[in-house]
Amino acid sequence: MSEAKAPSNFIRQIIDRDLAEGKNNGRVVTRFPPEPNGYLHIGHAKSICLNFGIAESYGGACHLRFDDTNPEKEEDEYIHSIKKDVEWLGFQWAGPVRFASDYFDQLYDLAVALIRKGLAYVDTQSPEQIAEMRGNFTTPGRNSPHRDRSVEENLALFADMRDNKFDEGAAVLRARIDMQSPNLNMRDPVLYRIRKKAHHQTGDKWVIYPMYDFTHPLSDALEGITHSLCTLEFEDHRPLYDWLVENVDLPDEPRQYEFARLNLNFTVTSKRRLKLLVDEGHVDGWDDPRLPTLSGLRRRGYTPAAIRHFCENLGVSRADSVIDMSILEASVRDDLNHNAPRAFCVLNPLKLVIENWPEDREEWLDAPVHPQNEDMGTRRMPLTREVYIDREDFREEANKKYKRLVLGDRVRLRYGYVIQAEDIVRDADGEIVEVRCSYDPDTLGKNPEPAEGQGKMRGVIHWVSADRGLPCEVRLYDRLFQTANPSKVAEGESFLDNINPESLRVLQGCVVEPGLRDAGPESRFQFEREGYFCVDRDSVDGRLVFNRTVGLRESWPREA
RNA sequence: UGGGGUAUAGCCAAGUUGGUAAGGCAGCGGGUUUUGAUCCCGUCAUUCCCAGGUUCGAGUCCUGGUACCCCAGCCA
């Protein structure tokens, strides 16, 4: 796969300009700040590629920082999976894994400093009162009766909050900004709230937890982040981000820039919805191959390179967009086409008996591992009297557009001999259970002489020895949802109603070439003429399970 | 309804002192091929949300509209 030089985008232009102006002493430091409350998905990959990609190409650094300010939703399991996914994509964060919770002490001190400046106060109104007083789009907010408490009183109250002297919800620390602001985020936003819940990192040390709006800009400043990249919905928060950076006494002044999040059609990328699909068992866990989670894509057979290439080709802009699933699929096809070893697998076996082939003869044929890349070497496959071909590759009769085996016509067994279908055997129900054929011994590696009375060579089909082939299971996936925008639902319906009932088709009794006996989970192959597949972790010794990553592009007329 | 944003091909997306519409995916036509794949070649916006205006010249500037997205958590 060609090394894509990261295309220009408005963020890189900002950085170029900053560098030209000598800002930040020439440093470029970004961060990827997931909340450990779910698994990473393809949308996060865009952010990861952007942040790490920028650090890489500017000789800067990118931090991995867990934005763990809400102990009610966060879990260790997510921390592990997120680290694994970032590494799997091929990125390495600078320095240690960081946590916003690492800064809880400093954050507390900064909050105290804000109180001292008269820029923050403890509000002991109820949540309902606070919401009511905040006003709405058309009505300005009204000042809290506690807005003008003395610094001393605020200091004491905030200490009481920390010291567990209040019930949950009984008090919050708020910034003292402007209740009249047309931007609701500036109407004295809550900075700290009380949550009597153990935290996965800090245990029960704290009963007060800082809000995202307070934590994020200050964590950025504390880490010396220069460019803090986030998605569009945080745009309205930027004035608050700037307010905090300005009013707090820290040397670095990070800047926030927003870009459009990635949306893919026919799937969902919201942690809430993904979690629901997992929790309600609509899918087989967070790594279900139908999910756009990174672990799901990995299990599906996607490569890190394919995902990175996909993200780099997307571009970065501020326009809302929905990318076609087909573009993601194209990226993995492109990668696997170049890099996946080839193999034969018959998905829907139909027995083919070569009548003029001796019973006990077993001929090991050479085949390239990759027809366009000799460096990948060769593989050997046994040809025996009885082989399996796909039912789709045989018809009693067909028009000339059909390039497979037809009764009376000839076809090549790929990397083997040319055969001619002579007869068929049916079972009691009239179903074809066997095709009898003859082979031409003079056609290995060369085309047959045109001869009288013989059918034409219609094409090439794959096959697997009936004696030597390995039985396996193949799982064919389709899009998880039937509608392009699953979240768009009629009154009273949920996105779950848009689930595609046929998103998974399990094929039993498939047969794969014997060379794959020891293939381990996540090894990827192109099953020639079928598509790209990878070994699923459900495989057990002696019985492989394959997931179809994506089919080959098919551009032939189906009416043939 | 107040605020903040965004509109360039079927889907993304470049376009930066106004100078005559990149690239990717998809599509279409042809060639090669022991994978109906790959690969190769060609083709694919007289027009940039709409309407006016400025200008020799506008996707880029001005004016006025329209559509869509985000915000009223003690979530992130």
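The values are calculated or read from the model by the stated rules, or taken from the named source; none is laboratory data. Computed from a prediction, not measured in an experiment: that's the story for all the values here. Quick reminder, even Gly has a Cβ in these numbers, built from the backbone with ideal geometry, and neighbours come from all protein chains shown. These area figures cover heavy atoms from the full protein model, side chains too; ligands, DNA and RNA do not enter into them. Shrake-Rupley method; radii C 1.70, N 1.55, O 1.52, S 1.80 Å.
Each row is one residue, and each column tells you yes or no for (1) open to solvent by 40 Å² or more (accessible area, probe 1.4 Å); (2) outside any strand (DSSP E or B); (3) of a type in the set (Asp, Glu); (4) away from RNA strand B (no atom under 13 Å from the Cβ).
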site: A:Asn25; (1), (2), (3), (4): yes, yes, no, yes
site: A:Ala55; (1), (2), (3), (4): no, yes, no, yes
site: A:Asp68; (1), (2), (3), (4): no, yes, yes, no
site: A:Glu74; (1), (2), (3), (4): no, yes, yes, no
site: A:Val86; (1), (2), (3), (4): no, yes, no, yes
site: A:Asp105; (1), (2), (3), (4): yes, yes, yes, yes
site: A:Ala113; (1), (2), (3), (4): yes, yes, no, yes
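Does the stretch A:488-525 hold any residues that are assigned to a loop (DSSP other than H, G, I, E, B), in contact (Cβ under 8 Å) with a residue 12 or more places away in the chain and open to solvent by 70 Å² or more (accessible area, probe 1.4 Å), and which are they? Correct list: A:Glu502, A:Arg517, A:Pro521, A:Glu522. Being part of a loop (DSSP other than H, G, I, E, B) and within 13 Å of RNA strand B (Cβ to nearest atom) is a property that holds for A:Phe137. Exactly one residue out of A:Asp320, A:Asp335, A:Asp324 is exposed (fewer than 12 other Cβ atoms within 10 Å of the Cβ), assigned by TED's automatic domain parsing to the domain that holds A:Ala519 and within 13 Å of RNA strand B (Cβ to nearest atom): that is A:Asp320.
Scanning the stretch A:167-222 for residues that are part of a helix (DSSP H, G or I) and open to solvent by 40 Å² or more (accessible area, probe 1.4 Å) returns A:Leu184, A:Tyr212, A:Leu222.
Scan the stretch A:224-244 and tell me whether some residue there is away from RNA strand B (no atom under 14 Å from the Cβ), out of contact with any helix residue (DSSP H, G or I) (no Cβ under 7 Å at 6 or more places or on another chain) and without any contact (Cβ under 8 Å) to a residue 60 or more places away in the chain. No.
Scan the stretch A:526-560 for residues that are over 25 Å from A:Asp288 (Cβ atoms) and open to solvent by less than 60 Å² (accessible area, probe 1.4 Å) and the total you get is 3. Of all residues in the stretch A:140-166, those satisfying the criterion of being assigned to a loop (DSSP other than H, G, I, E, B), away from RNA strand B (no atom under 15 Å from the Cβ) and out of contact with any Phe, Trp or Tyr (no Cβ under 9 Å at 6 or more places or on another chain) are A:Asn143, A:Ser150, A:Asp163. Filtering the stretch A:235-248 to residues that are open to solvent by 50 Å² or more (accessible area, probe 1.4 Å) and out of contact with any Leu (no Cβ under 8 Å at 6 or more places or on another chain) leaves A:Glu235, A:Arg238, A:Pro239, A:Glu246.
Can we say A:Glu21 is acidic (Asp, Glu), modelled with pLDDT under 95, surrounded by fewer than 21 Cβ atoms within 10 Å (Cβ to Cβ) and more than 22 Å from A:Leu232 (Cβ to Cβ)?
Details: acidic (Asp, Glu): yes; modelled with pLDDT under 95: yes; surrounded by fewer than 21 Cβ atoms within 10 Å (Cβ to Cβ): yes; more than 22 Å from A:Leu232 (Cβ to Cβ): yes.
So A:Glu21 fits the description; yes.
Condition (residue is open to solvent by 20 Å² or more (accessible area, probe 1.4 Å) and either in a helix (DSSP H, G or I) or not basic (Lys, Arg) (or both)) applied to the stretch A:287-295: is it met by at least one residue? Among the residues of the stretch A:287-295, at least one is open to solvent by 20 Å² or more (accessible area, probe 1.4 Å) and either in a helix (DSSP H, G or I) or not basic (Lys, Arg) (or both), which makes the answer yes. Looking only at residues of the stretch A:88-103 that are among the aromatic types (Phe, Trp, Tyr) and out of contact with any strand residue (DSSP E or B) (no Cβ under 6 Å at 6 or more places or on another chain), we find that the one that is nearest to RNA strand B (Cβ to nearest atom) is A:Tyr103. Taking the criterion of being of a type in the set (A, V, I, L, M), surrounded by 13 or more Cβ atoms within 10 Å (Cβ to Cβ) and farther than 21 Å from A:Leu250 by Cβ, would at least one residue in the stretch A:124-144 satisfy it? Yes, there is a match, as at least one residue in the stretch A:124-144 is of a type in the set (A, V, I, L, M), surrounded by 13 or more Cβ atoms within 10 Å (Cβ to Cβ) and farther than 21 Å from A:Leu250 by Cβ. Being more than 22 Å from A:Tyr532 (Cα to Cα), touching a strand residue (DSSP E or B) at 6+ places or on another chain (Cβ under 8 Å), among the hydrophobic types (A, V, I, L, M, F, W, C) and modelled with pLDDT of 95 or more is the requirement here; does A:Ile432 meet it? Spelling it out, A:Ile432 is indeed more than 22 Å from A:Tyr532 (Cα to Cα), touching a strand residue (DSSP E or B) at 6+ places or on another chain (Cβ under 8 Å), among the hydrophobic types (A, V, I, L, M, F, W, C) and modelled with pLDDT of 95 or more. With respect to the numbered conditions (1) in contact (Cβ under 8 Å) with a residue 60 or more places away in the chain; (2) within 30 Å of A:Asp16 (Cα to Cα); (3) not polar (S, T, N, Q), which one is the sole condition not fulfilled by A:Glu72? Status for A:Glu72: all satisfied but (2).
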